[in-house]
Amino acid sequence: MYLYHSLPPNLTGTTLYPLNMMKGIIDDIFQDQAKKYEGREQLMQTKIPKLGCLWNDVLHFSPISFEQMYNALYDSLTKYAPENLKIKYPIHRKFLKIDSELLNQDNLCIFLNQVEIPTYNFTGFEDQFIIFQNEKEIIQIDISPTQIDKYNEAFQKGRRLLIYSHSPHVFYKGYIELEKFGICNFSYYST
């Protein structure tokens, strides 16, 4: 299974760290990346079942390709977004595409993300977390109708768009040396 991770535009160095590892090593990038959690700060302190660590102690990957994700995003954008948002395109992003078999399997966990979890407290939702075994049988690799509905709703109601909010995640407990993996470029042009 391939895993995808969008790289921040201000990426420096040769190592991709989980957010909590950045603190004290590259504080400026930590501060910048922590902004993603404004209004959802308690998520940063949420424990991940199966891995025994916090949400920001892991790297977050998507099993859904960037092409699928941005095609769905663009479809919602063209149908529902106000004109002033449409000027943010084209998209140029760098991302990692990693064969999951190249990572330490003991440090991988799938978050199915198939139900609403109201307070970022995963107690009672442990079944949404699966140790990384036989992942091809467990996880859907296409973007879900729920995710598309969330894109549509965000554009229709002018809400903050969380690109991965209702899609499966693969968590990796550890860091990644970038030179071991290829960095891909992705460009998307709206017409």
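The values are calculated or read from the model by the stated rules, or taken from the named source; none is laboratory data. Since this is a predicted model, take the numbers as computed values, not measurements. Cβ placement follows ideal geometry from the backbone for every residue including glycine, while neighbour counts extend to all protein chains displayed.
Annotations for the structure displayed:
- Condition check for Lys36: closer than 25 Å to Ser187 by Cβ and not hydroxyl-bearing (Ser, Thr, Tyr): yes
- In the range 8-62, residue surrounded by the most Cβ atoms within 10 Å (Cβ to Cβ) [restricted to those that are aromatic (Phe, Trp, Tyr) and over 14 Å from Gly174 (Cα atoms)]: Phe30
- Helices (runs of 4 or more DSSP H) contained entirely in the range 15-80, each with at least 3 residues that are in contact with a helix residue (DSSP H, G or I) (Cβ under 8 Å, 6 or more places away or on another chain) and more than 23 Å from Ile143 (Cα to Cα): 19-22, 27-34
- Unmet criterion (only one of (1) of a type in the set (S, T, N, Q); (2) at pLDDT 90 or above; (3) loosely packed, with under 13 Cβ neighbours inside 10 Å) for Gln133: (2)
- Residue match in the range 66-89 (condition: hydrophobic (A, V, I, L, M, F, W, C), surrounded by fewer than 16 Cβ atoms within 10 Å (Cβ to Cβ) and at pLDDT below 85): yes
- Subset tally (residues that are assigned to a strand (DSSP E or B), among the β-branched types (Val, Ile, Thr) and under 13 Å from the mean Cα position of the chain (by Cα)) for the range 146-191: 1
- The range 102-112 - residue that is part of a helix (DSSP H, G or I) and in contact (Cβ under 8 Å) with a residue 40 or more places away in the chain and, of those, nearest to Thr14 (Cα to Cα): Leu102
- If you go through the range 33-87 and keep only what is in contact (Cβ under 8 Å) with a residue 60 or more places away in the chain, charged (D, E, K, R) and out of contact with any Pro (no Cβ under 9 Å at 6 or more places or on another chain), you end up with Arg40, Lys47, Lys50, Glu67, Asp75, Lys79, Lys86.
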